[in-house]
Amino acid sequence: MTGFRSHMDAALDEARAAGRRGEVPVGAVVVSPAGRIVAAAGNRTRELADPTAHAEILALRAACAAEGSERLPGHDLYVTLEPCPMCAAAIGFARIARLYYGAADPKSGGVAQGARVFAQPQCHHAPEVYDGIAGSESEALMKAFFADRRQGGGGAAPS
């Protein structure tokens, strides 16, 4: 990949903003083939009272609207946490070219853990997958968020 530039910092910014809103701190950005961020989102499941309002889903919806298409061939997705099975399926349906994610999610992941959506014969499109991008920062956000929740705090992640 000539001229590769990571956009994980932007995804981390979205994750921090989600944490400040009391959402699980996950952030995602969709990047065009030209290297421009076309959509960014953080989790909003509580705010929108919508179990599908994961960062990846919201970013994919916004990117599809911006691009005027239900598919995003050639686009990259950066997300701070391994996508769950629902998000992994949506990533495949959107025809994302490359998925970059930070922290692994042994409990709910759907890419390298659990369902392994892209490895299933029913999967029509599997992106190239790169894991561990800013993994320690992503993992630290999650751990701080849930530690605060266990201690009775509001759940806001550190910025």
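The values are calculated or read from the model by the stated rules, or taken from the named source; none is laboratory data. Predicted model, so just to flag it, every value in this text is computed and none were measured. Glycine also receives a Cβ, built like all others from the backbone with ideal geometry; neighbour counts cover every protein chain displayed. What goes into the accessible areas is simple: the full protein's heavy atoms, side chains included, and nothing from ligands, DNA or RNA. Shrake-Rupley method; radii C 1.70, N 1.55, O 1.52, S 1.80 Å.
Quick check on this structure: which one of Ala66, Ala94 is small (Gly, Ala, Ser) and open to solvent by 10 Å² or more (accessible area, probe 1.4 Å)?
Numbers: Ala94 fails: open to solvent by 10 Å² or more (accessible area, probe 1.4 Å).
Sole residue among the options that is small (Gly, Ala, Ser) and open to solvent by 10 Å² or more (accessible area, probe 1.4 Å): Ala66.
Of these, Glu23, Glu56, which one is crowded, with 22+ Cβ neighbours inside 10 Å, among the charged types (D, E, K, R), under 13 Å from Leu81 (Cβ atoms) and out of contact with any Asp or Glu (no Cβ under 8 Å at 6 or more places or on another chain)?
Exactly one residue qualifies, and that residue is Glu56.
Taking the stated definitions as given, is Ser32 polar (S, T, N, Q), more than 21 Å from Glu137 (Cα to Cα) and in contact (Cβ under 8 Å) with a residue 40 or more places away in the chain? Let's see the steps before the verdict.
On the way: polar (S, T, N, Q): yes; more than 21 Å from Glu137 (Cα to Cα): yes; in contact (Cβ under 8 Å) with a residue 40 or more places away in the chain: yes.
Against the criterion (polar (S, T, N, Q), more than 21 Å from Glu137 (Cα to Cα) and in contact (Cβ under 8 Å) with a residue 40 or more places away in the chain), Ser32 qualifies.
Criterion first (buried (at least 17 other Cβ atoms within 10 Å of the Cβ) and more than 13 Å from the chain's Cα centre (by Cα)) does Val29 satisfy it? I'd like the intermediate steps shown before the answer.
Numbers: buried (at least 17 other Cβ atoms within 10 Å of the Cβ): yes; more than 13 Å from the chain's Cα centre (by Cα): no.
For Val29, the condition - buried (at least 17 other Cβ atoms within 10 Å of the Cβ) and more than 13 Å from the chain's Cα centre (by Cα) - is not met.
Do any residues in region 88-112 that are under 14 Å from Ala63 (Cβ atoms) have Cβ atoms under 7 Å from those of residues that are in a helix (DSSP H, G or I) and acidic (Asp, Glu), where the two are at least six apart or on different chains, and which pairs are they?
Within 7 Å, the pairs are Ala90/Glu56; Ile91/Glu56.
For residues that are within 8 Å of the chain's Cα centre (by Cα) and within 14 Å of Ala39 (Cβ to Cβ), tally how many sit in region 74-86.
Count: 3.
Please find, among Ser108, Ser32, Ser69, the residue that is in contact with a His (Cβ under 8 Å, 6 or more places away or on another chain) and of a type in the set (Ser, Thr, Tyr). It would help to see each step written out before you state the result.
Details: Ser108 fails: in contact with a His (Cβ under 8 Å, 6 or more places away or on another chain); Ser69 fails: in contact with a His (Cβ under 8 Å, 6 or more places away or on another chain).
Going through Ser108, Ser32, Ser69 in turn, just one is in contact with a His (Cβ under 8 Å, 6 or more places away or on another chain) and of a type in the set (Ser, Thr, Tyr): Ser32.
Could you look through region 113-138, keep only residues that are among the small types (Gly, Ala, Ser) and within 14 Å of the chain's Cα centre (by Cα), and pick out the one that is most open to solvent (accessible area, probe 1.4 Å)?
Taking region 113-138 first, the residues among the small types (Gly, Ala, Ser) are 114-115, 119, 126, 132, 134-136, 138.
Still in the list and also within 14 Å of the chain's Cα centre (by Cα): 132, 134-135, 138.
Numbers: Gly132: 48, Ala134: 26, Gly135: 14, Ser138: 2 Å².
It comes out as Gly132.
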